[in-house]
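I have placed the structure first, in the form of structure tokens, so that the comments after it can refer back to it.
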Amino acid sequence: MTDPIATRKRVRTCIGCSATSEKRALLRIVRTPAGAVEADPTGRKPGRGAYVCSATCFERALKTARLQRALKTNIDSDQLDGLVSEVTRAFAAAEA
């Protein structure tokens, strides 16, 4: 008999479009305990996380302040520039 915990899929919700998907299909954005906001392609960094399914959803989450709300922090312009480039690279690597 199979163990239900071993076969369980971890489902998360995209903060841009509210679509649900498996955790590994989404990109996690994390606010670290030090307060930095960064992309987490591995999904294992410590801190508060939010998930996006595409670059379009990431942009939508920024425009509507959903990302700041989900991470419970304000993102300054310096952090935002770095985060945008990290997220762009992560989605480009996922497509390749």
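Tabulated values for the structure
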{"item": "Every residue from segment 51-74 that is touching a Lys or Arg at 6+ places or on another chain (Cβ under 7 Å) and surrounded by 11 or more Cβ atoms within 10 Å (Cβ to Cβ)", "result": "51, 71, 73"}
{"item": "Residues (of a type in the set (A, V, I, L, M, F, W, C) and closer than 16 Å to residue 80 by Cα) located in segment 38-57", "result": "39, 50, 52, 55, 57"}
{"item": "Residues of segment 31-50 classified as crowded, with 21+ Cβ neighbours inside 10 Å, within 15 Å of residue 68 (Cβ to Cβ) and among the hydrophobic types (A, V, I, L, M, F, W, C), total", "result": "2"}
{"item": "Lone qualifier among 28, 12, 69 - being within 12 Å of residue 87 (Cα to Cα) and at pLDDT 95 or above", "result": "28"}
{"item": "Count - residues of segment 58-88 that are under 16 Å from residue 40 (Cβ atoms), touching a residue at least 40 places away in the same chain (Cβ under 8 Å) and assigned to a helix (DSSP H, G or I)", "result": "10"}
{"item": "Yes/no for residue 12 being in a strand (DSSP E or B) and not β-branched (Val, Ile, Thr)", "result": "yes"}
{"item": "Members of segment 27-38 that are out of contact with any Ser or Thr (no Cβ under 9 Å at 6 or more places or on another chain) and either free of Cβ contacts under 8 Å to residues at least 40 places away in the same chain or more than 18 Å from residue 11 (Cβ to Cβ) (or both)", "result": "30, 32, 33, 34, 36"}
{"item": "Out of 85, 18, 77, sole residue that is loosely packed, with under 14 Cβ neighbours inside 10 Å and on the phi > 0 side of the Ramachandran plot", "result": "18"}
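The values are calculated or read from the model by the stated rules, or taken from the named source; none is laboratory data. Keep in mind the model is a prediction, meaning the values are calculated, not measured. With ideal geometry, Cβ positions are generated from the backbone for all residues, glycine too; neighbour counts draw on all protein chains shown.
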